[in-house]
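Coordinate-derived values only; no laboratory data. Owing to the predicted nature of the structure, the values given are computational and were not obtained by experimental measurement. Because the Cβ atoms are built from the backbone with ideal geometry, glycine has one as well, and the counts that use them run over all protein chains shown.
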């Protein structure tokens, strides 16, 4: 919605429009503008945030093998301690067991991790700011 939507609507309504109807319409536009400000899209879930954090720790080039190594390091360092949500990395079955909020002991297939890594790469590449090229004079 445009920030001046109520002003535009006020100007477009004819003078013969009853005051109560005019206020009702303006109220609906204000309500719609407030609702629009609340909509921010789907937020990443716990697994997507976990993959993003581990990809950051792995560093460029943000490969899947690096991600698995970092997840295995978490398992080796913390074990089944509550500080790490990663319980097990099974390369044979191609699953990772994670304990996410309200999802105890969920087995996540590698394909799902790859999908989340792709999204994390997009975020990480947008965070990297390349310095502008110097102009030729």
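The table below lists the values:
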{"read-out": "Protection proxy ranking, peptides 37-44, 89-96, average beta carbon neighbours within 10 Å, highest first", "value": "89-96, 37-44"}
{"read-out": "Reduced Cα scattering model of the chain, Debye log10 I(q)/I(0), q = 0.09, 0.11, 0.19 Å⁻¹", "value": "-0.52, -0.61, -1.05"}
{"read-out": "Helix-only CD estimate at 222 nm, as mean residue ellipticity for the chain, using -39500 (n - 2.57) per DSSP H run (n ≥ 4)", "value": "-17500 deg cm²/dmol"}
{"read-out": "Gaussian network model of the chain, Cα within-10 Å springs - most flexible of 34, 76, 48", "value": "34"}
{"read-out": "Residues listed by number, segment 30-71, amide nitrogen under 12 Å from residue 5 label point at 7 Å toward C-beta", "value": "30-39"}
{"read-out": "Degrees, to the nearest 10: 110-127 long Cα axis against longest axis of the chain", "value": "60 degrees"}
{"read-out": "Relative contact order of segment 46-127, defined on C-alpha pairs under 8 angstrom at six or more residues apart (%)", "value": "28 percent"}
{"read-out": "Cα-based helix-to-principal-axis angle, 46-58 vs the chain, degrees rounded to 10", "value": "60 degrees"}
{"read-out": "Rh by Kirkwood over Cα pairs, then Stokes-Einstein D for segment 1-79 at 1.567 mPa s and 4 °C, µm²/s", "value": "76 µm²/s"}
{"read-out": "Selected from 87, 15, 74 as most flexible by GNM, with the chain as the system and alpha-carbon contacts under 10 Å", "value": "15"}
{"read-out": "For the chain: relative contact order, % (alpha-carbon pairs under 8 angstrom, 6 or more apart)", "value": "17 percent"}
{"read-out": "Choice from 110, 64, 35 showing the highest fluctuation, given a GNM over the chain with Cα pairs closer than 10 Å", "value": "35"}
{"read-out": "Principal-axis tilt of helix 64-78 within the chain, Cα atoms, nearest 10 degrees", "value": "70 degrees"}
